[in-house]
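Below: one structure, written as structure tokens.
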Amino acid sequence: MTVPTTAVWYPGVRGVPAKGMVPYAQRLEAGGVDQVFTWDFLTGILPRVAWGDSFSPAAKVLPDGDSFYDPFVQLGMAAGATENLGLSVCATNAIRNGPAEIMRMAMTLADASGGNTVVTVGTGEKQNTQPFGYSRKQGVGRLEDHFRLYREYWDHDEPFDFDGNYWKVTNAYIGGARTHRPKMLLAGAGPRALDIAARYADGWVIPAPAAFAHVEDWAAKVVELKEKVESYGRDPDEFICGIEAIALIHEDEGAIEEAIDHSEFVASFASIYGRMAHEEWEREPGVELCRPREYNYTLDLLPNEVTKADNDAVMAKVGRAMKEKSFVHGTHRQVADHWQQYVDAGASWIGFLDFAPFVFGIEETENCLDRNIDVCRMLKGLPVGVPEAATAGA
């Protein structure tokens with residue numbers, strides 16, 4: 001039986017105190033979760049014109065869906081408040097930071113966590129790059145340079161030169177001190193990205209059901225990727241295959257049904273991120289497209305350019321089947337059983353993105369955290385129920 005590394009997402013939203021990470025991380029550690037993870041977003045994915053009390057109960061507390069703290073600073077807070085909790089970023093990108101900067105940050109987290117760190121790097125979404133003056137045109141080539149350079153920075157104990165697709169360094173050196181090596185994972189699903197992962201990365205992460213909504217597709221891709229890893233003379237058993245597990249966990253089935261039927265947040269998220277490539281919805285019985293078939297979340301989304309008329313037109317087309325299939329929803333047992341299939345098919349890292357606080361209210365955060373801890377414990381074969389110590393400092 002595969003026992004996965006488990007992680008739980010910390011939203012890291014400004015509007016709640018930055019130090020809220022501290023009791024959150026302590027609760028995860030006491031509950032037996034392996035890692036806390038957060039993402040490197042400059043802005044959110046939801047249209048600004050939609051944000052408001054009717055859209056999400058979180059709007060009563062948060063001014064918008066676009067305010068995020070620095071993920072590396074937040075994880076530093078978690079490191080200072082825990083002893084053994086892993087610290088992970090899933091994900092940052094190869095456009096807004098250079099490979100030396102990302103590797104230095106990753107090495108810092110790995111040292112603080114005793115090596116229990118994964119840092120996932122992708123090409124970057126359009127909404128987190130283009131509005132801020134960054135171009136994605138060199139995305140995959142730069143991603144390859146990054147992963148090659150991560151290895152070079154770790155392996156070299158003296159200055160070195162490197163001439164890549166776009167990145168060139170001369171006498172580069174970030175020092176020879178070594179404690180724990182971070183695991184550098186790649187986010188992406190295209191053929192070239194997967195080849196880069198197989199050649200140079202420590203693993204691969206993909207969100208589901210946004211991508212690989214069907215476990216048989218996931219299983220086939222894991223086999224294909226590990227064969228490619230082996231073809232490059234690397235150990236496939238050491239290669240991490242990870243899932244960002246999008247969930248909506250609640251013990252009240254009626255509350256979930258109500259959210260699927262009436263939550264504007266659920267409808268908006270489903271239309272944008274239910275499937276990263278919108279054409280994938282054509283595989284799902286009973287689902288009608290609400291955006292152009294060629295729409296792709298990573299390549300096309302610019303939420304600050306969406307008008308109210310545009311947003312209303314999309315929302316009018318979002319059907320119940322699309323909303324229902326955009327989240328793995330149910331009780332902690334039902335959600336754990338679903339993701340256990342992915343673990344059985346090769347997932348060795350699984351991080352939960354549970355949007356319950358944004359659907360049911362910020363006051364649900366502690367209950368949401370307990371449910372996520374229970375799911376992680378189930379996947380690790382541990383008894384459910386948060387230990388008494390988990391409530392300390394909360």
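The values are calculated or read from the model by the stated rules, or taken from the named source; none is laboratory data. Everything numeric here is computed off the predicted structure, so don't read it as measured data. In this analysis, Cβ positions are derived from the backbone assuming ideal geometry, glycine residues included, and neighbour counts consider all displayed protein chains. Surface accessibility is based on the protein's heavy atoms, side chains included, excluding ligands, DNA and RNA. Shrake-Rupley method; radii C 1.70, N 1.55, O 1.52, S 1.80 Å.
Count of lysine pairs in the chain with Cα atoms under 17 Å apart, counting only pairs 8 or more residues apart in sequence or on different chains? Please list the in-between numbers first.
Values: 126/137; 183/226; 308/317; 317/325.
Lysine pairs meeting both conditions in the chain amount to 4.
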Please list, ordered by chain and number, the residues whose modelled amide H lies under 5 Å from the amide H of residue 352; skip anything fewer than 5 residues away on the same chain. 7, 8, 9, 245
Skipping prolines and chain starts, which residues have an amide H placed within reach, meaning under 5 Å, of the one on residue 329, given they are 5 or more residues away or on another chain? 248
Using a Gaussian network model on the chain with a 10 Å cutoff between Cα atoms, which of 142, 27, 333 fluctuates the most? 333
Name the residues of the stretch 152-185 whose amide N is less than 13 Å from a point 7 angstrom out from the Cα of residue 138 along the C-beta direction? 163-169
The extension gain from residue 258 to residue 279, computed as 0.36 nm times the residue separation minus the Cα-Cα distance, is 4.9 nm
Could you pull out every residue, at least 5 positions away or on a different chain, whose amide H is within less than 5 Å of the one on residue 213? Hs are placed 1.01 Å off N in the peptide plane, and Pro or chain starts have none. none
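Calculate the FRET efficiency for residue 83 and residue 151 from the Cβ-Cβ distance with a Förster distance of 35 Å, rounded to the nearest 0.05. Each step should come with its number before you reach the end.
Numbers: r = 30 Å, r/R0 = 0.85.
Here the calculated transfer efficiency is 0.75.
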Given R₀ = 35 Å, FRET efficiency for residue 337-residue 54 by Cβ-Cβ distance, to 0.05? 0.55
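Show me the GluC sites (Glu not before Pro) within the stretch 287-394 that DSSP assigns to loop and that have at most 13 other Cβ atoms within 10 Å of their Cβ. Mind dumping the intermediate values first?
Details: sites: 288, 294, 305, 324, 363, 364, 366, 388; in loops: 288, 294.
Listed in order of number, the matching sites are 288, 294.
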Taking a ≥ b ≥ c as the square roots of the eigenvalues of the Cα gyration tensor of the stretch 44-202, is the shape rounded (a/c under 1.5), prolate (a/b larger than b/c) or oblate? oblate
Given a 1.4 angstrom probe, I'd like the percentage of the accessible area of the stretch 236-394 that is carbon and sulfur, rounded to a whole number. 49 percent
Taking loop as defined by DSSP and a crowding limit of 14 other beta carbons within 10 Å, which GluC sites (Glu not before Pro) in the stretch 60-142 fit? 83
Round to the nearest 0.05 the FRET efficiency obtained for residue 232 and residue 162 when R0 = 25 Å and r is the Cβ-Cβ distance. 0.85
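How large is the accessible surface per residue of the chain, computed with a 1.4 Å probe and reported in Å² as a whole number?
Working: 16260 Å² over 394 residues.
Spelled out: the 1.4 Å probe surface of the chain, per residue, equals 41 Å².
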Rounded to the nearest Å, what's the spacing between the alpha carbon centres of the stretch 226-305 and the stretch 324-375? Just the number, please. 14 Å
